[in-house]
Amino acid sequence: MDRFTRLEFGDSKPKKRPGGEPVRDAEYLYKKAYQYWFAADFELALRNFSRVIEEDSSFFNAWSGQIVALIELGEYPEAILWADKALEFFPEHSELFALKAVSYSRDAKYEKAIAFSDNAVSKENVTPRVWLSRAEVLLHRKSAVAENCISKAMKNCAQQDPVIKLEAARLLRRKRKYSKAIQFLNDVVQKVPKSALAWYELGCCQSKMGLPQAKVSLEQCCLLRPDWIEAKKEFKRAGKRGIFRRLFGG
């Protein structure tokens with residue numbers, strides 16, 4: 001089952017007990033985890049993914065989500081450790097090898113990253129995140145193959161999956177492919193309009209392209225998550241870029 005089928009992005013109400021108390025089962029915690037992920041609050045996302053695993057150790061996407069959150073927090077050795085623990089439950093799962101590859105890549109251990117990425121794509125049932133991971137591993141080489149990997153990820157995922165589309169857009173931004181990233185991000189903010197992370201990425205890409213919509217996107221991000229310091233800084237930077245462009249005609 002892919003991530004999208006387990007997530008609901010509208011204002012749907014959680015299951016409730018007869019007394020009105022929400023049922024805080026694994027599904028509930030999983031949805032909460034991704035709400036935090038979409039808000040770029042990776043610490044709280046991590047806590048909720050961990051709680052899902054405590055409730056149901058067979059919930060693969062929670063293991064995957066936990067490892068992704070650890071990577072976002074820069075906890076690379078911890079991410080590798082948890083990938084190895086997950087492999088005890090899901091032997092030879094392609095996505096776990098791919099996430100180890102990303103961990104090694106972000107830790108500047110590129111030879112290990114390539115080896116684990118090669119292993120991941122050689123498995124059966126390669127997931128879209130495997131291709132995204134390979135794209136990331138190849139980014140430091142400035143390889144044109146990276147974009148092809150992103151295309152494969154999008155082709156092999158449910159097109160309505162905003163998680164994969166947002167991750168792909170974030171990779172494209174790192175590769176300075178802002179126009180293509182914006183296409184993905186426009187779809188994501190329509191599907192998940194309360195995602196501070198999606199608005200932030202969209203605003204950053206728009207700002208790099210000198211688009212006036214950047215301030216609107218970043219303002220929306222700050223409204224959704226007022227405590228996000230980096231978003232506030234980017235909002236101010238976007239405003240300054242706009243001033244200089246008006247002054248110098250850039």
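Side notes on the structure shown:
- Residue check for Lys100: buried (at least 18 other Cβ atoms within 10 Å of the Cβ) and basic (Lys, Arg): yes
To keep it simple, each residue is scored yes or no on (1) over 24 Å from Trp37 (Cα atoms); (2) crowded, with 24+ Cβ neighbours inside 10 Å.
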position: Tyr104; (1), (2): no, no
position: Asp107; (1), (2): no, no
position: Lys123; (1), (2): yes, no
position: Pro128; (1), (2): no, yes
position: Lys152; (1), (2): no, no
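- Scope the range 162-199; condition touching a Phe, Trp or Tyr at 6+ places or on another chain (Cβ under 8 Å), closer than 23 Å to Leu138 by Cα and open to solvent by 10 Å² or more (accessible area, probe 1.4 Å); matching residues: Lys165
- Meets criteria (under 17 Å from Pro128 (Cα atoms), aliphatic (A, V, I, L, M) and either in a helix (DSSP H, G or I) or modelled with pLDDT of 95 or more (or both)) for Ala79: no
- A search for C-beta distances below 8 Å between a residue of the range 35-51 that is without any contact (Cβ under 8 Å) to a residue 12 or more places away in the chain and any residue that is surrounded by fewer than 22 Cβ atoms within 10 Å (Cβ to Cβ) and assigned to a helix (DSSP H, G or I), counting only pairs 6+ apart in sequence or on different chains, returns Leu44/Tyr36.
- Flag if Glu75 is without any contact (Cβ under 8 Å) to a residue 24 or more places away in the chain, buried (at least 17 other Cβ atoms within 10 Å of the Cβ) and of a type in the set (Asp, Glu): yes
- Scanning the range 50-59 for residues being within 19 Å of the chain's Cα centre (by Cα), farther than 16 Å from Ile80 by Cα and not in a loop (DSSP other than H, G, I, E, B) gives a total of 1.
- Unique match (being assigned to a loop (DSSP other than H, G, I, E, B), open to solvent by 50 Å² or more (accessible area, probe 1.4 Å) and either modelled with pLDDT under 95 or not β-branched (Val, Ile, Thr) (or both)) among Glu27, Glu8: Glu8
The values are calculated or read from the model by the stated rules, or taken from the named source; none is laboratory data. Model, not experiment: these values are computed from the prediction. Using ideal geometry, Cβ is built from the backbone for each residue, glycine included, and neighbour counts are taken over all protein chains shown. In case anyone asks, the SASA skips ligands and DNA or RNA and just uses the protein heavy atoms, side chains included. Shrake-Rupley method; radii C 1.70, N 1.55, O 1.52, S 1.80 Å.
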